[in-house]
Amino acid sequence: MNLFKYFQSEVLNVVEEMTVAGKLPAGIDSTKIVTEPPREAAHGDVSTNAALVLAKQAGQKPRDLAERLAHQLKENAAVVAAEVAGPGFINLRLADAFWTARLTEILAEGTAYGDSDFGRAERVNVEYVSANPTGPMHIGHGRGAVVGDALASLLEKVGYQVVREYYINDAGAQVDKLAQAVYYRYREALGIGIGPDVFKDSYPGDYLKPIGQKLVEKYGREWVDAAPEAWLSVFRDFAIAEMMAVIREDLKALGVVFDVFSSERALVAEGGVDAALKALDTKGLVYEGVLEPPKGMVPEDWEPRPQTLFRSTDFGDDVDRPLRKSDGSWTYFASDIAYHLDKFRRGANTMINVWGADHAGYVKRMQAAVKALTDGKGDLDVKVCQLVNLFEAGAPVKMSKRAGTFITLREVVDEVGKDVVRFIMLTRKNDVTLDFDTEKVREQTRDNPVFYVQYAHARACSVLRHAGEAFPDIQLTPAALSGAALGRLTEPGELALIRKMADWPRQVETAARFHEPHRLAFYLYELAGEFHGQWNRGNEAADLRFLKPDDAELSAARLALVSGLATVIASGLEIFGVEPVEEMR
RNA sequence: GCGCCCUUAGCUCAGUGGACUAGAGCAACGGCCUUCUAAGCCGUGGGUCCCAGGUUCGAAUCCUGGAGGGCGCACCA
């Protein structure tokens, strides 16, 4: 249960009752009432601004109205105190029994705790990674991959029907360059010398060498003297398939999965671009025109040129955008328009794209296109992921493709483990740069959030294991533990921990609403902190230890708490795609 | 030059309209601990929330302008 939503509806019920009783005017607007945790825990458990919002409409003083509302709210059995504070906030204090009931709920629901129907089974398409099939993934792709994957899981948890999608840019100039580079690797594999500058405009990486070798194994010398027109499509298709296999392996190592891989080439081949552009044209949004040079900077090879343009300025963009290149072929933007129309037609009114920082300039035009094509019915949110700076023990890792000192995502994942990479990628909001230190993330200290959260889960599991030794007859299943005498959980630290755990459903919903999975990393860190804190108090005072050999009843109640804690952490890590470990090694 | 993003404690960052005192971790300083699983615990100091206006009963939060940093900027993806 999202207890804040519950009390929100309780507040609204009271408002409704008072309206019926004539104590409040009819037709009052209560939509601005919010019910949330007070900033200061000392103020209570639940706080609402209802009186402040309604005072003016009711023609009553905020504090007077607050007193009346508070009086009614006290009728709820869970409310032990309803105090008016400041200008007219109402702070509710809840009964211990209310909190222990939340623990029972957690034990009953398991990692499904925090699930909700917030999304109302609405369909959402989350597109992420979509790295060009021209090379292995780098650390920046990894961030997008994790953010997209976790966001998708988060949305599923709150009841959306989510499609995880990867768009393969397998059409256009980039993959032709790939074919070009692979052709030279093919010749090289046959022992034919290649010039020093052959990769100047394409892909010099060694990772294409095995592909050249495979082409030799498959075709021998067949293409050595053939014209480019002859080998281009063969080499291109082969190279794309090989590179996608590499990328899929990289993704697998990171634990990232997709429901759909969409091909740009296929979309073009089946006429999707022509259809989408025709649709735009029908709306009168396509025209032939000449763009001004970008304000304040004129590219060297600038020349005024008539182009086919999309009237994106009608939908909030800064300038109209070209749909066709000078050779008459479609631009990347044109096929992307078609792709987004395709996603919309496949049922996703809400689309979320996770992009790298270098694509930030495309957000407005893409949103403009979605608005135009769907008549405002489609919604596109773009999460732009800022750069990831790699460090090793505090020193920046210098990377240069030329010097061959390029660190791939795979290398980092193999070095520190997928769980570490995934968690760290979620410890910052997507739109700020993230420092990733391959040394620091393996430290076993409180500074390292991955360790700190994992350790809380492991420590909880450890306590449960020890319980089996101390109390051989005890049943440690959640179902059995929920039957414990939870009323014996009266220590402030224990109740504070349950309060934090009970906040999970609200945390999940808020993160989902803002499409911001990183919020959960902060929550999990705080939750882990509460648990470690209670553990440490047990170090000081033996009375506070979770296991008390001379008091089986109290121990069972505390074990229920420990089990619940492990459950909530596991529920969070599940969204992150991080395995909740049972012991640290 | 234009667009987008960022600017909160010495450092790294939470905090998308509410109050009494703007939070956390690290670092600093002062104590303590050597453990039911060790990688710690308690306390103290530390802030013109980049600046200036505006909206509001109320602004770190919304709006406008400015400063600094990042990313991008027609016919590449």
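The values are calculated or read from the model by the stated rules, or taken from the named source; none is laboratory data. Values in this document were obtained by computation on a predicted structure and should not be read as measured data. Because the Cβ atoms are built from the backbone with ideal geometry, glycine has one as well, and the counts that use them run over all protein chains shown. Areas reflect the complete protein model, heavy atoms only, side chains present, ligands, DNA and RNA absent. Shrake-Rupley method; radii C 1.70, N 1.55, O 1.52, S 1.80 Å.
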In the set A:TYR184, A:TYR203, the lone residue that is open to solvent by 20 Å² or more (accessible area, probe 1.4 Å), among the aromatic types (Phe, Trp, Tyr) and without any contact (Cβ under 8 Å) to a residue 40 or more places away in the chain is A:TYR184
> If we scan region A:7-16, do we find a residue that is aromatic (Phe, Trp, Tyr), more than 16 Å from RNA strand B (Cβ to nearest atom) and out of contact with any Cys (no Cβ under 9 Å at 6 or more places or on another chain)?
Replying inline: no
Whether any residue in region A:482-490 is open to solvent by 40 Å² or more (accessible area, probe 1.4 Å), within 12 Å of RNA strand B (Cβ to nearest atom), out of contact with any Pro (no Cβ under 7 Å at 6 or more places or on another chain) and not assigned by TED's automatic domain parsing to the domain that holds A:GLY44 is what I want to check. no
Over region A:274-285, the set of residues touching an Asp or Glu at 6+ places or on another chain (Cβ under 9 Å) and assigned to a helix (DSSP H, G or I) is A:ALA276
Within region A:206-226, residues over 24 Å from A:ARG265 (Cβ atoms), open to solvent by less than 30 Å² (accessible area, probe 1.4 Å) and assigned to a helix (DSSP H, G or I) come out as A:VAL216
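Listed here are the residues, each with its yes/no results for (1) more than 10 Å from RNA strand B (Cβ to nearest atom); (2) under 21 Å from the mean Cα position of the chain (by Cα); (3) open to solvent by 20 Å² or more (accessible area, probe 1.4 Å).
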{"site": "A:GLN475", "(1), (2), (3)": "yes, no, yes"}
{"site": "A:PRO492", "(1), (2), (3)": "yes, no, yes"}
{"site": "A:ALA496", "(1), (2), (3)": "yes, no, yes"}
{"site": "A:ALA502", "(1), (2), (3)": "yes, no, no"}
{"site": "A:THR510", "(1), (2), (3)": "no, yes, yes"}
{"site": "A:TYR525", "(1), (2), (3)": "no, yes, yes"}
{"site": "A:ASP550", "(1), (2), (3)": "yes, no, yes"}
- Task: With the condition kept exactly as written, say whether any residue in region A:557-566 is surrounded by fewer than 20 Cβ atoms within 10 Å (Cβ to Cβ) and not in a loop (DSSP other than H, G, I, E, B).
- Result: no
* Some residue of region A:445-464 being at pLDDT 90 or above, near RNA strand B (Cβ under 8 Å from one of its atoms) and among the charged types (D, E, K, R) -> yes
For region A:356-370, the count of residues that are hydrophobic (A, V, I, L, M, F, W, C) and either at positive phi or within 8 Å of RNA strand B (Cβ to nearest atom) (or both) equals 3
The residue that is farthest from RNA strand B (Cβ to nearest atom), considering only those in region A:17-47 that are more than 22 Å from A:GLY86 (Cα to Cα) and part of a helix (DSSP H, G or I), is A:VAL20
- Message: Yes or no: region A:12-34 includes at least one residue that is crowded, with 19+ Cβ neighbours inside 10 Å, touching a residue at least 12 places away in the same chain (Cβ under 8 Å) and among the polar types (S, T, N, Q).
- Response: no
* Asked: Is it the case that some residue within region A:307-322 is open to solvent by less than 60 Å² (accessible area, probe 1.4 Å), modelled with pLDDT of 90 or more, assigned to a helix (DSSP H, G or I) and of a type in the set (Val, Ile, Thr)?
  -> no
- prompt: Would you call A:GLY468 surrounded by fewer than 15 Cβ atoms within 10 Å (Cβ to Cβ) and in contact (Cβ under 8 Å) with a residue 24 or more places away in the chain?
  reply: no
Quiz item: Does any residue of region A:428-438 turn out to be out of contact with any His (no Cβ under 9 Å at 6 or more places or on another chain) and assigned to a helix (DSSP H, G or I)?
Solution: no
Any residue at all in region A:158-167 that's part of a helix (DSSP H, G or I) and either in contact with a Lys or Arg (Cβ under 6 Å, 6 or more places away or on another chain) or basic (Lys, Arg) (or both)? no
Within region A:293-306, residues open to solvent by 60 Å² or more (accessible area, probe 1.4 Å) and within 9 Å of RNA strand B (Cβ to nearest atom) come out as A:PRO294, A:LYS295, A:GLY296, A:MET297, A:VAL298, A:GLU300, A:ASP301, A:TRP302, A:GLU303, A:PRO304, A:ARG305
